[in-house]
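**Student:** Structure in structure tokens, see below.
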Amino acid sequence: MQNVRNRQPSRTQGKEVETNSGSRILDVRELSAFFTLNRKVIKAVDRVSMYIDEGETVGLAGESGCGKSTLASAVMQLIPHPGRIVSGEILFRGQKLVERGEQVLRDIRGNRLSLIFQDPSSYLNPTVSVGTQICDVITAHTQVEKRAAKKMTVELLGSLGIPEPGHRFNSYPHELSGGMKQRVLIAMAISCDPDLVIADEPTTALDVTIQRQILELIKEKVIGKGSALLFITHDLSILAEICDRIYTMYAGRVVETARTVEFFHNPLHPYTCKLLSAIPRHDVKKTLAEIPGSPPSLDALPPGCSFYPRCDFRSERCVKERPELRELKTNHWVSCHNV
């Protein structure tokens, strides 16, 4: 695990805010992103704050539908219609991204900030060879000519474990396996040596063996090269292996964040505790716990704590009052009234 600099936290209205040491890559401040469907407002991301520093690997965990992927899309300024950012700020190396011109965003996306999608079949152009798609990213953001870009692409595909990369350069997405298509997405994401890579559930749709191979490639090609990484997943065992810090999201909100060792050894939020109790361990025989009930509908969130109906430690205060993030230990923030 990487050694991350000690940082001195400050307090602002109970939100996670730290003094900027000058190495801040991403700073998300009180971000809300909503979808409006059939006159219903779906609060997919609700007042979320988080940060990532240079060279840091940060995990974002939570159940499906909690807002993780919407947060990633918001950072990339790629929220699909009818979604939109309704409030808050996103700063990339101190530069505000919300409501910036498309040309500014194009210069950043794919170059300094890149995204590895969960489903490569949905994001690779089926009518263009995979090699050409990677070349297009390189030539769009650098001064490299097409011939040199093709050579770089073939070398990159080979380094990612794709056999016969020169031949596969001309392959179309439907001619590749799921694991190979995911490798192509990784190649596109790292082709311009970005400052920050967002990996949105990059191993979910793959079998266990391919998952391990893709994770090793991300460790080698992203973390090993010094890029910062935001790794989004519902699999906490992966985050334990690669992350410096972890955020837990529930019903569109961050409910806990801590350094990885602290997160696993001293979880404080009841939801985090239940997530961890559901992880199988090879060294301990135990009955895996389940979280009873279901997450609330994001278009009808309760006024108090969203986890209240499923929590073993709920009180009447939880019904009426939304808990704010509080720093209970150094760099360990929790949104709960009862811890």
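The values are calculated or read from the model by the stated rules, or taken from the named source; none is laboratory data. All values reported here derive from a predicted model rather than from experimental measurement. Methodologically, a virtual Cβ is constructed for each residue, glycine included, from the backbone with ideal geometry; neighbour enumeration extends over all protein chains shown.
**Student:** Being outside the structural domain of Glu155 (by TED's automatic domain parsing), out of contact with any helix residue (DSSP H, G or I) (no Cβ under 9 Å at 6 or more places or on another chain) and hydrophobic (A, V, I, L, M, F, W, C) narrows it down to one of Leu71, Leu97, so name that one. Steps first, please.
**Tutor:** Values: Leu97 fails: out of contact with any helix residue (DSSP H, G or I) (no Cβ under 9 Å at 6 or more places or on another chain).
After applying the criteria, what remains is Leu71.
**Student:** While we're here: Anything in the range 215-246 that is part of a strand (DSSP E or B) and within 18 Å of Ile25 (Cα to Cα)? List them, or say none. Lay out the reasoning, then the answer.
**Tutor:** Here is the first cut: in the range 215-246, the ones part of a strand (DSSP E or B) are 228-233, 245-246.
Scanning the range 215-246 gives Ala228, Leu229, Leu230, Phe231, Ile232, Arg245, Ile246.
**Student:** Here's another thing I want to ask about it. When only residues in the range 301-339 that are of a type in the set (Val, Ile, Thr) and not in a loop (DSSP other than H, G, I, E, B) count, which is nearest to the chain's Cα centre (by Cα)? Quick ask: steps written out before the conclusion?
**Tutor:** Narrowing the range 301-339 to residues of a type in the set (Val, Ile, Thr): 319, 330, 334, 339.
Keeping just the survivors that are not in a loop (DSSP other than H, G, I, E, B) gives 319, 334.
Working: Val319: 30, Val334: 19 Å.
This residue is Val334.
**Student:** Scanning the range 247-263 for residues that are part of a helix (DSSP H, G or I) and buried (at least 20 other Cβ atoms within 10 Å of the Cβ), which turns out farthest from the chain's Cα centre (by Cα)?
**Tutor:** Step one: list which residues in the range 247-263 are part of a helix (DSSP H, G or I), which gives 260-263.
Add one more test, that the residue is buried (at least 20 other Cβ atoms within 10 Å of the Cβ), and what stays is 260, 263.
Numbers: Thr260: 15, Phe263: 17 Å.
Once the filter is applied, the top-ranked residue is Phe263.
Okay, residues lined up against (1) of a type in the set (Gly, Ala, Ser); (2) in contact with a strand residue (DSSP E or B) (Cβ under 6 Å, 6 or more places away or on another chain); (3) surrounded by fewer than 18 Cβ atoms within 10 Å (Cβ to Cβ):
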| residue | (1), (2), (3) |
| --- | --- |
| Thr142 | no, no, yes |
| Lys146 | no, no, yes |
| Ala149 | yes, no, no |
| Gly161 | yes, no, yes |
| Glu164 | no, no, yes |
| His167 | no, no, yes |
| Gly179 | yes, no, no |
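**Student:** Here's a follow-up. Mind listing whichever residues of the range 164-215 are over 22 Å from Val137 (Cα atoms), among the β-branched types (Val, Ile, Thr) and without any contact (Cβ under 8 Å) to a residue 40 or more places away in the chain?
**Tutor:** Selection gives Thr203, Val208, Thr209, Ile210.
**Student:** Considering only the range 151-163, how many residues are of a type outside the set (A, V, I, L, M), assigned to a loop (DSSP other than H, G, I, E, B) and without any contact (Cβ under 8 Å) to a residue 40 or more places away in the chain?
**Tutor:** Quick first cut of the range 151-163, residues of a type outside the set (A, V, I, L, M) only: 151, 153, 155, 158-159, 161, 163.
Checking the rest, the ones that are also assigned to a loop (DSSP other than H, G, I, E, B) come to 161, 163.
Next cut, without any contact (Cβ under 8 Å) to a residue 40 or more places away in the chain only: 163.
The number of residues fulfilling the criteria is 1.
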